Amino acid sequence: MPSAPLDWHYPRTDLADQILDRLEVGATTALTLFAPRRMGKTEFVVRDLLPMAVERGYIGVYVNFWDRKDDPAESLIHGLNKAAAGLKLTTRLKQTMRRIRGVGFNTPLGGASASLKDTSDSDKLNIIQELFDLLLKEEQNVLLALDEVQHLATASRFEPIVYALRGMIDMNRERVSVLYTGSSRSGLQRLFRRRNAPLFSSSQQIDLPDLGSGYLQHTAQVFHAASHRTLDINACSTAFKAVKRVPYDYRQIIDQLILHGGTDILSITAHYLEEHSQEASYQADWASLKPVDRAVLNFIISANAGVYTAAARAFIAEQLGVEDVDVPTIQNAINRLRRAAHIAPLGQGRYELEDPYFADWIMSGEE
């Protein structure tokens, strides 16, 4: 018999357990999980959190708004429909499904139906409501995982989806728990603070913890099973730090080791970083910034402090070669940097760079 495929997934069951416990104690029915792109956020939600939720008796619904960026309503329909497809529906609920137009993608009934691209926006909202109501007819509670939810703030035409979600969630708080996830702090902030549709105002935000030594040990063990070669775990740790603890990049390095042979992970890492350098992009970004914007970025990188403090103003003034910089000037710079998605707020006047590699590039003095 063929051997079972190797599983590179590193389970994070403790974190999944903690999140579900927080949702179940009743203090909150919504959490926001933040992590930059390629940090394993989606894998954690799909492979760890939702399966554990199902084991605890939830109906798990996963929606990724980046799957269909031009039509988040369709993303939501696909996610709700897939969840419904996993249920053992009664005859009455099957009849309800038959009445829903345009949901033909892997429906629990099989067969084809009309394409969603020929369905009006208002009909899509009706389909979403019917699917949502269908799930709630079951006796189980629902865990709704909305991935890359900040995308809903990128266009005013997505506003009806925001209102629809708010209504469905608010009216069913006793039955529905929500996990919002996002890869942009600035994007999440824009969505959370929308005055016309404050959908997520009650959500508590948590950060996805960085992976540590357990992940490196797991990956090294799977690598050994795949190649019969042994990695030095200290070298693995150095390589992981070099790629900013980004699991996606680290796995690319491991894959290259498997392909090319050997165990020199540090050499492969150096080659990978050189091959994927964003030098030209960073140079263009830096050239587009005003001098005060650059000075503000330098302060944010070098100091874990508020940008409007006396120390910050003195630092920025020194960088610009002037005697003083007033608060409105710094505020204007912050606004420009946020609009360009270079920085994200941490609270109390503190910010961080959205791209840690850009921070390293700036600090290297290559500008």
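The values are calculated or read from the model by the stated rules, or taken from the named source; none is laboratory data. In this text, all values refer to a predicted model and were calculated from it rather than measured experimentally. Cβ placement follows ideal geometry from the backbone for every residue including glycine, while neighbour counts extend to all protein chains displayed. Each accessible area value is taken on the protein alone, full model and side chains, heavy atoms only, with ligands, DNA and RNA left out. Shrake-Rupley method; radii C 1.70, N 1.55, O 1.52, S 1.80 Å.
Values for this structure:
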| item | result |
| --- | --- |
| Which numbered condition Asn332 misses (of (1) surrounded by fewer than 14 Cβ atoms within 10 Å (Cβ to Cβ); (2) of a type in the set (S, T, N, Q); (3) more than 21 Å from Ala280 (Cα to Cα)) | (1) |
| Selection from region 242-254 of residues that are charged (D, E, K, R) and either modelled with pLDDT of 95 or more or open to solvent by less than 40 Å² (accessible area, probe 1.4 Å) (or both) | Asp249, Arg251 |
| Candidate set from region 149-191 (those that are free of Cβ contacts under 8 Å to residues at least 24 places away in the same chain and in a helix (DSSP H, G or I)); member that is surrounded by the fewest Cβ atoms within 10 Å (Cβ to Cβ) | Ser156 |
| Extreme residue, most open to solvent (accessible area, probe 1.4 Å), among residues of region 335-350 that are among the charged types (D, E, K, R) and over 14 Å from Gly306 (Cα atoms) | Arg339 |
| Members of region 14-43 found to be crowded, with 16+ Cβ neighbours inside 10 Å and of a type in the set (A, V, I, L, M, F, W, C), listed by number | Leu15, Ala16, Ile19, Leu20, Leu23, Ala30, Leu31, Leu33, Phe34, Ala35, Met39 |
| Pair list, Cβ under 6 Å, 6 or more apart: region 344-367 residue assigned to a loop (DSSP other than H, G, I, E, B), other residue of a type outside the set (Asp, Glu) and buried (at least 18 other Cβ atoms within 10 Å of the Cβ) | Gly349/Val307; Glu354/Ala344 |
| Qualifying residue in region 116-128 (condition: at pLDDT below 80 and buried (at least 17 other Cβ atoms within 10 Å of the Cβ)) | yes |
| Count of residues meeting criterion [in a helix (DSSP H, G or I) and surrounded by 14 or more Cβ atoms within 10 Å (Cβ to Cβ)] in region 293-329 | 18 |
| Failed item in (1) touching a residue at least 60 places away in the same chain (Cβ under 8 Å); (2) closer than 28 Å to Gly347 by Cα, with Ala225 passing the rest | (2) |
| Of all residues making up region 44-65, the number that are open to solvent by 30 Å² or more (accessible area, probe 1.4 Å) and touching a helix residue (DSSP H, G or I) at 6+ places or on another chain (Cβ under 6 Å) | 2 |
| Condition check for Ile362: touching a Phe, Trp or Tyr at 6+ places or on another chain (Cβ under 7 Å), within 24 Å of Arg37 (Cα to Cα) and either open to solvent by 70 Å² or more (accessible area, probe 1.4 Å) or of a type in the set (Val, Ile, Thr) (or both) | no |
| Residues satisfying the stated conditions in region 269-282, i.e. assigned to a helix (DSSP H, G or I) and either within 19 Å of Met363 (Cβ to Cβ) or at pLDDT 95 or above (or both) | Thr269, Ala270, Leu273, Glu274, Glu279, Ala280, Ser281, Tyr282 |
| Failed condition for Leu211, given (1) open to solvent by 40 Å² or more (accessible area, probe 1.4 Å); (2) within 22 Å of the chain's Cα centre (by Cα); (3) modelled with pLDDT of 90 or more | (1) |
| Pair list, Cβ under 6 Å, 6 or more apart: region 32-46 residue farther than 17 Å from Gln204 by Cβ and among the β-branched types (Val, Ile, Thr), other residue modelled with pLDDT of 90 or more and open to solvent by less than 10 Å² (accessible area, probe 1.4 Å) | Thr42/Asp147 |
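The rows are residues; the columns are (1) within 24 Å of Leu179 (Cβ to Cβ); (2) modelled with pLDDT under 90; (3) assigned to a loop (DSSP other than H, G, I, E, B); (4) touching a Leu at 6+ places or on another chain (Cβ under 8 Å).
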site: Ala16; (1), (2), (3), (4): yes, no, no, yes
site: Thr42; (1), (2), (3), (4): yes, no, no, no
site: Val63; (1), (2), (3), (4): yes, no, no, yes
site: Arg101; (1), (2), (3), (4): no, yes, yes, no
